[in-house]
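> The structure follows.
The values are calculated or read from the model by the stated rules, or taken from the named source; none is laboratory data. Predicted model, so just to flag it, every value in this text is computed and none were measured. Methodologically, a virtual Cβ is constructed for each residue, glycine included, from the backbone with ideal geometry; neighbour enumeration extends over all protein chains shown. These area figures cover heavy atoms from the full protein model, side chains too; ligands, DNA and RNA do not enter into them. Shrake-Rupley method; radii C 1.70, N 1.55, O 1.52, S 1.80 Å.
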Amino acid sequence: MRSFESTGTVALAWVAAPGLQDAGGLDRAAIIASLRPVGAAAVAAAEAFADDLIGFRDEMRTGDIVVTVDAESHQLLVGETTGGYEHRVDDGTGRHHHIRPVEWYGRYQRDDRTNLTVEMEALTHVGARFMALVPVEAWTSFAAGVRERPPVPAVPRVVAPPKIVKPAPKPKITAAEKRAAAAALAAKPVVPTHRRCPLCQMQLALSQFRAGSDYCVDCRERRGED
């Protein structure tokens with residue numbers, strides 16, 4: 001991780017919470033209790049993290065080779081531990097508070113299989129866990145090669161700009177097209193749906209008139225025409 005490289009550290013973090021408590025004097029049960037996991041899955045994760053943290057704190061020695069993965073650049077960060085376990089609240093590593101100081105030798109292209117056996121390369125694909133690098137001799141030789149070769153620059157983070165989708169422009173209507181549409185509308189014959197009876201002066205639907213008669217059916221009935 002780039003924060004490890006910039007701060008000269010390597011660290012572990014509890015994924016479910018910051019986990020600020022100093023684990024220097026805690027046993028496994030106390031570490032798990034301090035994480036306050038809720039549910040079977042969280043308890044299992046807390047137990048795994050406690051095992052990792054105890055190994056990170058007690059089993060790692062000054063001068064050990066350490067390798068971590070920069071997931072953004074697909075590169076390996078390779079170095080050597082220079083001190084014991086520390087607990088830091090804020091040193092630029094974000095939520096990673098369980099620390100060991102490291103002298104970083106440099107970076108190694110993860111896709112370059114030249115100096116990694118299949119077994120060694122497989123270890124670089126394990127998730128964020130504390131694991132012993134075996135065989136020790138092979139990793140020591142690999143780290144020495146990284147230290148002696150020209151430095152591999154970190155790949156800059158590329159953030160794609162947001163994609164902006166513009167709506168299609170509305171077609172422009174010319175003045176001639178507007179006049180033609182108005183003329184077509186004016187030329188369309190208007191079919192009457194009502195008539196006025198000359199006798200009662202009411203505006204009635206066409207269904208209220210008999211064919212050939214000017215009067216509505218009510219007025220015809222009053223006149224005795226039906």
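> Simple spin-label model, 7 Å along Cα-to-Cβ: ALA71 to THR114 in nm?
Each label point is offset 7 Å from its Cα along the Cβ direction, giving 2.8 nm.
> Further, regarding this structure: List every residue whose amide H lies under 5 Å from the amide H of GLY83, counting only residues 5 or more places away in sequence or on a different chain, with H placed 1.01 Å from N in the peptide plane.
GLY63
> Sticking with this one: Quickly rank 34-44, 134-144 as a protection proxy: mean count of other C-beta atoms within 10 Å, highest first.
Result, highest mean first: 134-144, 34-44.
> First measure r as the distance between the Cβ atoms of ARG28 and GLU103, then evaluate 1/(1 + (r/R0)^6) with R0 = 30 Å and state the FRET efficiency to the nearest 0.05. Show your work: numbers first, answer last.
Numbers: r = 30 Å, r/R0 = 0.99.
The formula returns an efficiency of 0.50 here.
> Between ARG129 and ARG223, what is the label-to-label distance in nm when each label sits 7 Å out along the Cα-to-Cβ direction?
For the pair ARG129/ARG223, the computed spacing is 10.4 nm.
> Hey, with R₀ at 35 Å, roughly what FRET efficiency would ALA154 and ALA48 work out to, going by the Cβ-Cβ distance, to 0.05?
E(calc), rounded to 0.05, equals 0.75.
> Right, here's the next one. With every protein chain kept in the model, how would you rank ARG88, ARG61 by accessible area, 1.4 Å probe, largest at the top?
ARG61, ARG88
> Quote the FRET efficiency, to the nearest 0.05, computed for THR82 versus VAL38 with a Förster distance R0 of 30 Å and r equal to the Cβ-Cβ distance.
0.20
> Starting from the Cα-Cα distance between GLN201 and ARG147, subtract it from 0.36 nm times their residue separation and give me the gain in nm to one decimal.
Working it through step by step, the gained length comes to 8.6 nm.
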